[in-house]
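K.L.:
Have a look at this one.
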Amino acid sequence: MQFIDIIIFAVIAVLLVLRLRSVLGQRTGYEQPQDESRANRFEDTENDNEPIPLHPKAADKAPVALHGLDAMRKIDRSFNEKQFLEGANAAFEMILTAYAEGDLTTLKRLLAYNLLQSFTASIQARAKAKESLVITLDDIREASILNISIIDQLASITVHFHSVQTRIAKDENDEVIEADESGAREFTDIWTFERDLTLSDPNWKLVETESESAED
């Protein structure tokens, strides 16, 4: 009986050795030396401060841009081109008048922040020089949409205005500045309006202006 027990223990020992070799492997004397740079790769702190992107492809995704009247109507079914141009014409006159009169309260309702800062600086410079400006919109001969784009629910509409205006600027002595340009003149203006379509506010704000005399 003792001999049988010894055989059983020997078999168990052999099985344990075989099991450990299958799990841990064995050295044969031909192994390549371990690359220290790989062995210590987790000790390298060179990029410790760099964020690891969880979704690297998400940052590369560019916003989708849509263009044209049809795209605008699909996103905002209440959009009406005729009504928009009527509102743009009204805003055109209100902004010109408010700028000439230095009416910042009105301009705050109609201009985006960056453009408001530019208009404010111009008004303040005119006030500091004790100059005055009167702008009379005699006629809007044409108002048409040049471009419509929607990027991430932010709609931009560029409008071409062809108008007749009378602009009279005076100095601190109430003398007309550049009298030869104080009569009625034709102007071409390119104005861009924006609106966040995710908001319930239906009003558009002016974000960019380009203006030149049509006679130039």
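K.L.:
Convert 37 °C to kelvin, take the viscosity as 0.692 mPa s, use the Kirkwood radius over C-alpha pairs of the stretch 164-216 as Rh, and evaluate the Stokes-Einstein diffusion coefficient in µm²/s, rounded to a whole number. Each step should come with its number before you reach the end.
P.N.:
Details: Rh = 14.0 Å.
After rounding, the answer is 235 µm²/s.
K.L.:
Would you compute the Debye intensity of the stretch 128-216 from its alpha-carbon atoms alone, equal scatterers and no solvent, and pass along log10 I(q)/I(0) at q = 0.17, 0.25 Å⁻¹ to two decimals?
P.N.:
Once normalised to I(0) and log-transformed, intensities are -0.82, -1.16.
K.L.:
May I have the extent of the alpha carbons of the stretch 60-180 along their three principal axes, as whole Å values ordered from largest to smallest?
P.N.:
Its Cα atoms span 57, 36, 23 Å along the three principal axes.
K.L.:
Probe radius 1.4 Å, ligands and nucleic acids left out: which of S78, S144 has the largest accessible area, and how do the rest follow?
P.N.:
Details: S78 90, S144 30 Å².
Solvent-accessible surface, decreasing: S78, S144.
K.L.:
Then there's this: Once the principal axes of the Cα atoms of the stretch 107-154 are found, what is the range along each, listed largest first in whole angstroms?
P.N.:
The Cα atoms of the stretch 107-154 stretch 43, 30, 16 Å along the principal axes, largest first.
K.L.:
So how do Y99, Y113 rank on accessible area, 1.4 Å probe, biggest first, that is with the largest at the start?
P.N.:
Numbers: Y99 55, Y113 155 Å².
Largest to smallest exposure gives the sequence Y113, Y99.
K.L.:
May I ask you to evaluate 6.51 cos²θ - 1.76 cosθ + 1.60, the Karplus curve with θ = phi - 60°, for each residue of the stretch 148-154 and list the ³J(HN,Hα) values in order in whole Hz, giving x for glycine and proline?
P.N.:
Once θ is set to phi - 60°, the couplings for the stretch 148-154 become 10, 9, 10, 10, 6, 6, 9 Hz.
K.L.:
Spelling out what I want: for every residue of the stretch 114-119, take phi, set θ = phi - 60°, compute 6.51 cos²θ - 1.76 cosθ + 1.60 (Karplus), and round to whole Hz; glycine and proline get x.
P.N.:
Running phi through 6.51 cos²θ - 1.76 cosθ + 1.60 with θ = phi - 60° gives 4, 5, 4, 4, 5, 5 Hz.
K.L.:
Between the stretch 75-146 and the stretch 153-216, what is the separation of their alpha carbon centroids in Å?
P.N.:
Taking the Cα centre of the stretch 153-216 as reference, the centre of the stretch 75-146 is 6 Å away.
K.L.:
Heavy atoms only, probe 1.4 angstrom, no DNA, RNA or ligands counted: give me D189, D139, D171 ranked by accessible area, highest first. Provide the component values of the computation, followed by the final result.
P.N.:
Details: D189 5, D139 70, D171 50 Å².
Most to least solvent-accessible, the answer reads D139, D171, D189.
The values are calculated or read from the model by the stated rules, or taken from the named source; none is laboratory data. Note that the coordinates shown come from a computational prediction; the quantities given were computed from them, not determined experimentally. Quick note on the areas: whole protein, heavy atoms, side chains included, nothing else; ligands and nucleic acids left out. Shrake-Rupley method; radii C 1.70, N 1.55, O 1.52, S 1.80 Å.
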